[in-house]
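Q: Pasting a structure here, questions to come.
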Amino acid sequence: MKALTLSLLEDVDVAAHLALAEASRLAEISQAYERVARRRTLYTLSLLGLCVLCIFGGLFVAGQANSGGFWAGLYKFFDYPAELFIGAYEEGVPGLFALVLQYFPYLVETINIALVSTLLAFFLGGALSFVASRNLVSNRLVVAVMRRVMDIFRAFPEIVIALLLVLIFGPSPVAAAIAVTTHTIGALAKQFSEVNENCDLKAAEGIRSVGGNWMEQIRFGILPQVLPNFLSYTLLRLEVNVRASAILGFVGAGGLGAELKMVVDWNYGADILVIIFMLVLSITSIDYLSGWIRQKLIGQTGQV
Amino acid sequence: MTDIGALQGTLHHEAKRLEEQYSGVLGLDLKKRLLGPVLSLLVVAYLTLCFFAFDVPGVMEKARGDMAQLYALDAYAHKVHAKYQFRKAEQGFVVSLEGNRRAIYKEPPEWVEQSAEQTSIFLGDDGALHFADDVVTYTHPDFDEAFTFRVGDGVPQFVSGADAPWLKVSKTQVNARPSLYTRIWLTKNKVEVHRYFVGWENFWFDFDSTLNGLSAAELMSLAFSSERLDPDVSNLRFMFSEFRTNSEWHHGEVYFALLQTLIMAMVGTLIAGILALPLAFVAAANVNPVKLARTGVRRFFDFLRGVDMLIWSLIFIRAFGLGPLSGIFAIFFTDTGTFGKLFSEAIENADKKQAEGVQATGASPVQKYRFGLFPQILPLFISQMLYYLESNTRSATVIGALGAGGIGLKLIETMRTRQDWENTLYLIFLIIVVVMMMDQLSGWLRRKLIEGRN
């Protein structure tokens, strides 16, 4: 009996020892966890601090360089929209309707610029994307050169090309169309080549096995796979390009932007408001329309 | 013989069977077959229509190709004038950069040889011009006979020479442009020769700066030499300040403008992201059950996005005045809408299992979204912000040109003068380099932050 009690006591002792060891191990783990958590919190906080510093530093520099002050501006923020609405109110409904009719041809021109540029860039960018995809072209040099060409096309802000072309061609939608096309070729070619690089090569290999050349492999093996994605990206671009062609009009490349620039300079409140309204309405409807078509094409809203 | 016949029969049978089984593959139906050609035809018809609607032939006819050529020449080359004025005959030929009175070469270049009797100006591939006793003799390699003109006594007279297509003699002056790089211009008062040289002149330091014309090695040794050029400041600092204050290239102003553009893009994108994040949670159907609030926030996003950056910048320029502050606001207003839409879609597409798991441990709603949902959308959140950072650098240039300052405004200013094309080219080069750098940086960060995690 005594022996049993002793052995029991010993067991309790062992268990206590074990529990102690377990507890210290747990404490170690939790300490290590806390260390990691603290370090991560520190990283997050310093990153956030950097962001805050960037924002306030940037706002300070920008505020210094601005011709008007922030607080005075905030106070005046609604003055201009109010001015526009008063102008529109004075014009009356029939007058506004007449203005819509007056500016409608320019809206059509702006949309045409965007549509033509997007179409041209779809074909040219598509062609460029096939020779800039690593999995479709075995020659590394060709791919590298084509990628640089793509990068340069994409890096050109539309406004630079448009400003130069306006000087040569005079105020004309041709300048805007060329400018938008150039940038869009680069932008679409990049997105397209990413699509190409993610596609399944089996179909192209099948075509090759029955003697198809490179063009035929692309046409029948790759294109059917990538076309829905190509179209989806192109539709997204169309909306971006309508905005871009409106802006280019502002520097003299024709369309609704040019008219907006004129009425802004002359301070015609009703005209400004009508043009803004037309622009916003067409951008929003193209946005919805392209979203709807894209959903039909690829079954979900594609991300930019 | 019969074997082959049987085989042929089997093959024929098999072909027939396949045709029946996959009828849609071997013979596409008419609608599908017509779709391609009809669409192509429509596209071609539309492009043709626009070709004439934009009046491309008329525009091309009126295009000022000659001006473009001159502008381009001015962008990559600099012009040196050698000018002789009869009123100031004692000075002889004065050689200056772009005819600038403050940029006269003290020692004439080797292509201008002056002596007491005669001056010879050598024009490279375009021959040479000699001037002596009020007679200008110009020899061109394509013509055996020299062109001679009598000058100094009233209107210049064309004495002898062939009828060259590039030579224009009018009642008051003689204008010869044998190639793009050379121009000879004679009037009642002066003999002037312009010669273009490829390259940018005085890019680093001003024409009259003590540092002008020094080689890189000389500058290096100067920078670390103890002998001070300007007793008040160190040589390195002096060099930097000379570079910054270059009166023709305005490096200081240009780089500050570039900084402003970058600030516009960066601050605009950051603020937009920070504002859009909480709003996106309100707009997401799986987080916020109140439909009215959801729809309200979504329409707000659509409004911000639909009113284009162009219009926002017009409104903010009116309120805050010209400058980058207006640009920042225009960018963050537009992009709050874009980010809000993208983020709320991402939240709705997120896997709800993780959030449910966190909830099962007894977490509060805030903890549920913080630990169950937020980590899922954070990579997308960061990658979209980085993507837009690059695209906003370009947008900041564009709205800068509309009046929001920065490099865009600088660009439009130099273009308006229609003379400083070398500056324009410099600015375009800087813009493209910066945009490409931002592109590389954002791509690198995206790979590092997003893909490196998994």
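Q: Only one of (1) out of contact with any Leu (no Cβ under 6 Å at 6 or more places or on another chain); (2) more than 14 Å from chain B (Cβ to nearest Cβ) fails for A:His183. Which number is that?
A: With (1) out of contact with any Leu (no Cβ under 6 Å at 6 or more places or on another chain); (2) more than 14 Å from chain B (Cβ to nearest Cβ) applied to A:His183, the lone miss is (2).
Q: Go over the candidates A:Ala244, A:Ala270 one by one and state the one that is away from chain B (no Cβ under 14 Å) and either assigned to a helix (DSSP H, G or I) or in contact with a Ser or Thr (Cβ under 6 Å, 6 or more places away or on another chain) (or both).
A: Among A:Ala244, A:Ala270, only A:Ala270 is away from chain B (no Cβ under 14 Å) and either assigned to a helix (DSSP H, G or I) or in contact with a Ser or Thr (Cβ under 6 Å, 6 or more places away or on another chain) (or both).
Q: Which condition number does A:Gly252 fail, the rest of (1) more than 9 Å from every other protein chain (Cβ to nearest Cβ); (2) part of a helix (DSSP H, G or I); (3) open to solvent by 10 Å² or more (accessible area, probe 1.4 Å) being met?
A: Against the list (1) more than 9 Å from every other protein chain (Cβ to nearest Cβ); (2) part of a helix (DSSP H, G or I); (3) open to solvent by 10 Å² or more (accessible area, probe 1.4 Å), A:Gly252 comes up short only on (2).
Q: Which residues, taken from region A:147-163, are facing another protein chain (nearest Cβ under 8 Å) and either charged (D, E, K, R) or open to solvent by 30 Å² or more (accessible area, probe 1.4 Å) (or both)?
A: Of everything in region A:147-163, those that are facing another protein chain (nearest Cβ under 8 Å) and either charged (D, E, K, R) or open to solvent by 30 Å² or more (accessible area, probe 1.4 Å) (or both) turn out to be A:Asp151, A:Ile152, A:Arg154, A:Phe156, A:Glu158.
Q: In region B:126-179, which residues are closer than 25 Å to B:Arg87 by Cβ, touching a residue at least 24 places away in the same chain (Cβ under 8 Å) and either among the hydroxyl-bearing types (Ser, Thr, Tyr) or open to solvent by 60 Å² or more (accessible area, probe 1.4 Å) (or both)?
A: Hits for region B:126-179 are B:Tyr138, B:Val159.
Q: Quick one: which strands (runs of 3 or more DSSP E) lie wholly within region B:1-119 and hold at least 1 residues that are within 14 Å of chain A (Cβ to nearest Cβ) and loosely packed, with under 11 Cβ neighbours inside 10 Å?
A: Strands (runs of 3 or more DSSP E) meeting the threshold: none at all.
Q: So for region B:414-425 (the condition being within 8 Å of chain A (Cβ to nearest Cβ), assigned to a helix (DSSP H, G or I) and of a type in the set (Lys, Arg)), does at least one residue qualify? Quick ask: steps written out before the conclusion?
A: Step one: filter region B:414-425 for residues within 8 Å of chain A (Cβ to nearest Cβ), giving B:415, B:418.
Narrowing further to those that are assigned to a helix (DSSP H, G or I): B:415.
After this cut, where a residue has to be of a type in the set (Lys, Arg) as well, the list is none.
No, region B:414-425 contains no residue that is within 8 Å of chain A (Cβ to nearest Cβ), assigned to a helix (DSSP H, G or I) and of a type in the set (Lys, Arg).
Q: Still on this structure: May I ask you to verify whether B:Gly406 is on the phi < 0 side of the Ramachandran plot and touching a residue at least 24 places away in the same chain (Cβ under 8 Å)?
A: So B:Gly406 does not fit the description; no.
Q: Moving on to the next point. Please tell me if A:Pro81 is open to solvent by 20 Å² or more (accessible area, probe 1.4 Å), touching a helix residue (DSSP H, G or I) at 6+ places or on another chain (Cβ under 8 Å) and either in a helix (DSSP H, G or I) or within 12 Å of chain B (Cβ to nearest Cβ) (or both).
A: Yes: the conditions hold for A:Pro81.
Q: Out of A:Ile222, A:Ile207, I need the residue that is open to solvent by less than 10 Å² (accessible area, probe 1.4 Å) and either at positive phi or in the same structural domain as A:Phe122 (by TED's automatic domain parsing) (or both). Which one?
A: A:Ile222
Q: What is the one condition in (1) open to solvent by 50 Å² or more (accessible area, probe 1.4 Å); (2) in contact (Cβ under 8 Å) with a residue 12 or more places away in the chain that B:Met437 does not satisfy?
A: Of the numbered conditions (1) open to solvent by 50 Å² or more (accessible area, probe 1.4 Å); (2) in contact (Cβ under 8 Å) with a residue 12 or more places away in the chain, the odd one out for B:Met437 is (2).
Q: Write out, first by first residue and then by second, each pair whose Cβ atoms fall under 9 Å of each other, whose residues are 6+ apart or on separate chains, and whose first residue, in region A:46-61, is facing chain B (nearest Cβ under 7 Å) while the second is among the aromatic types (Phe, Trp, Tyr).
A: A:Leu59/A:Phe70
Q: Look through region A:90-146, keep the residues that are aromatic (Phe, Trp, Tyr) and away from chain B (no Cβ under 14 Å), and return whichever of them is farthest from B:Phe51 (Cα to Cα).
A: Result: A:Phe97.
Q: How many residues does region A:219-241 contain that are more than 13 Å from chain B (Cβ to nearest Cβ) and in contact (Cβ under 8 Å) with a residue 40 or more places away in the chain?
A: Number satisfying all stated conditions: 8.
Q: Another question, then. Residues being touching a helix residue (DSSP H, G or I) at 6+ places or on another chain (Cβ under 8 Å) and more than 17 Å from B:Ile271 (Cβ to Cβ): count how many of those fall in region B:376-389.
A: Matching residues across region B:376-389 total 5.
The values are calculated or read from the model by the stated rules, or taken from the named source; none is laboratory data. Everything numeric here is computed off the predicted structure, so don't read it as measured data. Please note: Cβ atoms are built from the backbone with ideal geometry, for glycine as well, and neighbour counts cover all protein chains shown. The accessibility values were calculated without ligands, DNA or RNA, using every heavy atom of the protein model including side chains. Shrake-Rupley method; radii C 1.70, N 1.55, O 1.52, S 1.80 Å.
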